Structures are given as C-alpha cells and as structure tokens.
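Undergrad: Starting off with a structure, shown below.
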Amino acid sequence: MLETLSKTSTGVLQTKKVTRQQLFSKVVASRWSLPAILCLQALISLITLHNTAFQDEALYLFAGKQIVHSWMTGTKVIDPYAQYFSGFPYFYPVIGGVLDHFGGVEAARAFSLFCMLIVTFCAYQVAQRLFNRNCALWAAILFAFQAPVLFMGRLATYDALCLCCLAIAAALSMHVARARTPWGALLIGPLLFLAIVAKYAGMLFVPSVLGLLLFYSLISQGMRAMLLRVILALLSFALVAAVGLLSLSKDVLTGISATTTNRVATIYNSPSILLTHIVELSGIALVVGFLGLLLIGRKRLWLGLLLFASALLAPAYHLYKGELISLDKHLAFGMFFLAPLMGYAVASLAKYQRRFFSNYHWLVGLAVFLVIFSLGLQQAEYMYNEWITSTSMTYTMETQTRPGSGHYLSEDYDVSRYYLQHVSAPWQWNSLDFFQYTDRTHQLLTGRPAYQAALQDGYFDAVELSFGYNVSLAQYISGEIAKDHNYDLVSKLPYHDAYGNGTIWIWRKHTPSPPVSH
C-alpha cells in the first residue's frame, strides 16, 4: 500500500491510499495505451483486408516506376500523367513506384498504413492539447477503427500521404500555439504544401489547419502571439507555394483544374444517394462528434465549431459535385478533425456515468467502441472487395502476351499492364477509355468506329472484357467479336465482388490452321 498527497477543492491536502496494483495499472495505461491502439490498428488492417491491386493502385505504381525509369535512362514518359492525376505525379507515385520495385503492391500499401498510423498519433496529440489524455485516447480509438481509415491504410494511393501531411501540420500547429518561441510555425507552410502536392484535394483542409493555429494560439497566448504565429505560417506557405507554382508545367495546372478545382462528375449521383452513403460510413462519428461540440463549453467553442465544420467539408464538396468517386477516402479526412470531439464526448459521458455507477463508468466508451469497431471492420472489408480479384485474369492474359510484339485490349487496363509489365511494354496495351486507329484506307478513327475497324483487321492479339465500369462499350465490342469471327474465346472466368457475380471474357486472335499436306 502506498500513500499519495492530493489537494481538495478547498485547498486542503489529503492523503490517498493507492495499491501497488492500481499504481502499476496507471503507469502501464499511460505508457502503452497509444502503442496498443496503433498495433491493433495495424494488425486489423493487415489481417482482414486482402485483395489484388485496385485500378488506381496499379495506375500510380506503374506510373511511378515509369517515371523513375525515365530518370535513370533518359527515356521519355509517353503517358501525360500530369494532365489527369489528382496529385503531383512526381511525388507519391515515385515513392510508391520505388517501394513497388522492392516489395510489390504490399510494400506500397505498408507505406500507406504507416502514414495512417501517424495520422492516428496526430489525432491523439491534437485531442490531448485541446482536452486531456483521457479524451486523446478515446479520440485515437474512435478514429483508428473507422471504415474509411482502415480502408485508406491498405490502399496504395496518395490519399494516406496527403492526410498524413495535414495531420502533422495540425499537430504541429497545436504545439506551436503554446510554445515559447513562434519559429516552429515556419514548418507548417511546407507541410501544407506537401499535402497539396500529394493530392490536390488537400487544399480544401488548409484553412482548417491554419484555423487551429489561430484559435488555439489566441486561447493559449493572446492576440499578439496568435498574429505572429499565423503570419509566419502564412508567409512560409506562400513562399513555398510560389516557388512550387513557378516550377510547375502547364500540364500540372491542367490536371489540378480537371481533377479538383473544375472537376466534372463522370457519373452524376443524386443527393439522396450521396447522403445515404455519407450516413452509412460516418453517421455515428458525426453524431458523437456533434455531442462533443455541445459539451465543449464556451472557452473552446470556436475551436469545436472549426473541427466540426472541417468534418463536413468533404461531404459538402461531394454533394455539390454530385460525385461518389473517392467519397469513401475523403470521409477519413473529415474524421481526423472530428476525432477530438468524439474523444471528448465519450470521455465526458463516461465521467458523467461515474457519478452513478463508479465501477462501470467505462461501459459507455466500450459500447461506442464496439459499435464503431464492428461496423467499421465490416464496412472496410466490403469496400476492399468492391473490385475484382484479378489473379485468374492476369494469369490467363499472361499466356496470351508476348514481350515487344502484339497489341492487347483490356477493360481492366491499368491492372493488366501493371501485373504484366514484366512480359509486355506500355505501348502494347489499349483501354476502353480512349482509342484511335488508322484503318486500311488511312482514315484516322476514334471511339466505336476505331474499335470496330481494329477488330475487323485483327489488330488486337487478345481482348479482355469484364463488363464493369463501361458496360455499353464492352457489350458493343463483344458483339463485334461475335459478328466477325476473327477471335476465339480462350476463357470465361467467373468472379465475385461486392456487387455480385460476373464473368471475365478473354479472346485471342484467330489463327488459321495450316493446310494439310497430301
């Protein structure tokens, strides 16, 4: 038995008896709670989420390897990646490409998981600065096991790196706001710029990070200190952004406009569909976060409003654009800002329950955690199985592929050329997105006439169709194949994804049998 001194509300010192077991439990909890959360987040992601490369992963990793190869050999990259990538092609794709070279897609996914673990750590840091350690632990727990967070941690795209840069900038803002010297604010600008370079949509959350610096500096050290820190952060951001913009090519500016600032939805979705999706994936988090906002008190109300408003930025953007693509990932950005409010809400409810059930005050937090954990894991698994497992398809296509010769039409274009890059060159592959062909009369054709003429001429040595994202064109091509009899069916591969069952069809160019000699 140990004795400790504590001060009562009246200022009188009193003695409390603490058992060695209680003291040991507190020490262990203080040192190992966050590492345990991070380890569990990593284990859950690695154990439960498995699939072959998603088309975006295949595209970015393939592009990164091409870019690195061009740097080393001096050869020109043919594809205009800068025009249609929603992130700077010479940043994350290069990192992913290098990792893929040494460890395949799993190495690149491990980097994304590492980034998301850093984000969870930063969510803990922000909540601890705003409230206390107990709230911070709940914030980390409730953030780490959200479906979009688990999903992004196993996806080799630039989303995790972008959010990681934003999260580090936010955590640094909270530290600088209370630091004696303001010079740490000079690092915030470069971090925000890196977030935008990683993914252009990161610019949506730049005001949120600067707002955290502004309000928390004002609360902690007053108007003068706040102005100095915000000015330093803005100056560093403006300087780095100016240098970056001056060095960017017109293709990059075209890509920023086409994919982010002036993006047009490829398939328009009604607000009801988008709202349903938002509620399914982040409804509980928004409700718990809003409860935290109601409980936060006047002193930190503006900070709470900033955090909650930041969580609504991504849903508002997608509702405005009518865009469902990438909504799953973008919700994770908002959940980072929502995490401190969620942690505060659960910690406050547990503290309130302690008044009535002193031995069971943890039940509220446990109940919320179990709901979010089970639902998040189920949703993450569903999201991770939305695309086809391509093992059988790529194996069959490999038997039809010859390095340096032949042309191949693949609906799963990015995945096919990524997995078969060791037996083919980039110029050998054609997709259903765009195709032009010069026929025998030297007429340049595009679209369906181009596919029709190429099939009639036997231009493609193999054709793969999964009747997925471009069903109408796939049906047209399969109809032309059946009409012309220039291709033989090689394989019908059944598959199952989150949307149901389907079949991948693979044809090869018909080879006439040699004449029989007499």
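Undergrad: Just one of (1) surrounded by fewer than 22 Cβ atoms within 10 Å (Cβ to Cβ); (2) farther than 25 Å from Phe91 by Cβ; (3) more than 27 Å from the chain's Cα centre (by Cα); (4) modelled with pLDDT of 95 or more trips up Arg229, so point out which.
TA: It is condition (1) that Arg229 fails.
Undergrad: Which residues, counting only those in the range 471-502, are surrounded by 14 or more Cβ atoms within 10 Å (Cβ to Cβ), touching a helix residue (DSSP H, G or I) at 6+ places or on another chain (Cβ under 9 Å) and either of a type in the set (Gly, Ala, Ser) or closer than 17 Å to Ser410 by Cβ (or both)?
TA: Selection gives Leu473, Tyr476, Ile477, Glu480, Ile481, Tyr487, Val490, Ser491, Leu493, Tyr495.
Undergrad: Can I ask one more? How many residues does the range 193-207 hold that are buried (at least 22 other Cβ atoms within 10 Å of the Cβ) and in a helix (DSSP H, G or I)?
TA: Matching residues across the range 193-207 total 9.
Undergrad: Go through (1) hydrophobic (A, V, I, L, M, F, W, C); (2) surrounded by 14 or more Cβ atoms within 10 Å (Cβ to Cβ); (3) part of a loop (DSSP other than H, G, I, E, B) one by one and return the number of the condition Phe434 breaks.
TA: (2)
Undergrad: Let me ask something else. Would you pick out the residues in the range 261-279 that are among the hydrophobic types (A, V, I, L, M, F, W, C) and surrounded by 12 or more Cβ atoms within 10 Å (Cβ to Cβ)?
TA: Ala265, Ile273, Leu274, Leu275, Ile278, Val279
Undergrad: Something else: Evaluate the following for Gly479: is it in contact (Cβ under 8 Å) with a residue 40 or more places away in the chain and of a type in the set (Gly, Ala, Ser)?
TA: So Gly479 does not fit the description; no.
Undergrad: Now for a different question. Could you list, in sequence order, all residues of the range 77-103 that are among the small types (Gly, Ala, Ser), without any contact (Cβ under 8 Å) to a residue 60 or more places away in the chain and in contact with a Leu (Cβ under 9 Å, 6 or more places away or on another chain)?
TA: Scanning the range 77-103 gives a single hit, Gly97.
Table: residues versus (1) within 18 Å of Ala140 (Cβ to Cβ); (2) modelled with pLDDT of 95 or more; (3) within 20 Å of the chain's Cα centre (by Cα).
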position: Leu306; (1), (2), (3): no, yes, no
position: Lys321; (1), (2), (3): no, no, yes
position: Leu324; (1), (2), (3): no, no, yes
position: Leu327; (1), (2), (3): no, no, yes
position: Met335; (1), (2), (3): yes, yes, yes
position: Ala339; (1), (2), (3): yes, yes, yes
position: Tyr352; (1), (2), (3): no, no, no
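Undergrad: Follow-up. Looking at the range 67-112 only, could you name the residues that are among the aromatic types (Phe, Trp, Tyr), under 19 Å from Asp433 (Cβ atoms) and assigned to a helix (DSSP H, G or I)?
TA: Within the range 67-112, Tyr81, Tyr84 meet the criteria.
Undergrad: Another one. When you check Leu444 against the structure, is it crowded, with 18+ Cβ neighbours inside 10 Å and either in contact (Cβ under 8 Å) with a residue 12 or more places away in the chain or touching a Ser or Thr at 6+ places or on another chain (Cβ under 6 Å) (or both), yes or no?
TA: So Leu444 does not fit the description; no.
Undergrad: Looking for whichever is in a loop (DSSP other than H, G, I, E, B) and either modelled with pLDDT under 90 or more than 23 Å from Thr399 (Cβ to Cβ) (or both) here; the options are Pro449, Pro514. Which one fits?
TA: Criteria check complete, one pass: Pro514.
Undergrad: Evaluate the following for Ala136: is it farther than 20 Å from Arg417 by Cβ, within 18 Å of the chain's Cα centre (by Cα) and in the same structural domain as Gly202 (by TED's automatic domain parsing)?
TA: no
Undergrad: Residues that are touching a Gly at 6+ places or on another chain (Cβ under 6 Å): list the helices (runs of 4 or more DSSP H) wholly contained in the range 220-307 that include at least 2 such residues.
TA: 223-247
Undergrad: Continuing with this model, one more query. So if I check each of Ala58, Ala63, which one is modelled with pLDDT of 95 or more and under 17 Å from the mean Cα position of the chain (by Cα)?
TA: Going through Ala58, Ala63 in turn, the sole match is Ala58.
Residues checked against (1) of a type in the set (D, E, K, R); (2) crowded, with 16+ Cβ neighbours inside 10 Å:
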| site | (1), (2) |
| --- | --- |
| Arg178 | yes, no |
| Phe215 | no, yes |
| Leu248 | no, no |
| Thr259 | no, yes |
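Undergrad: Within the range 452-470, restricting attention to residues that are in a loop (DSSP other than H, G, I, E, B) and either touching a residue at least 60 places away in the same chain (Cβ under 8 Å) or not assigned by TED's automatic domain parsing to the domain that holds Gln428 (or both), which residue is surrounded by the most Cβ atoms within 10 Å (Cβ to Cβ)?
TA: Only one residue tops the list, namely Ser466.
The values are calculated or read from the model by the stated rules, or taken from the named source; none is laboratory data. Because the structure is predicted, anything quoted here is derived from the model rather than measured. Using ideal geometry, Cβ is built from the backbone for each residue, glycine included, and neighbour counts are taken over all protein chains shown.
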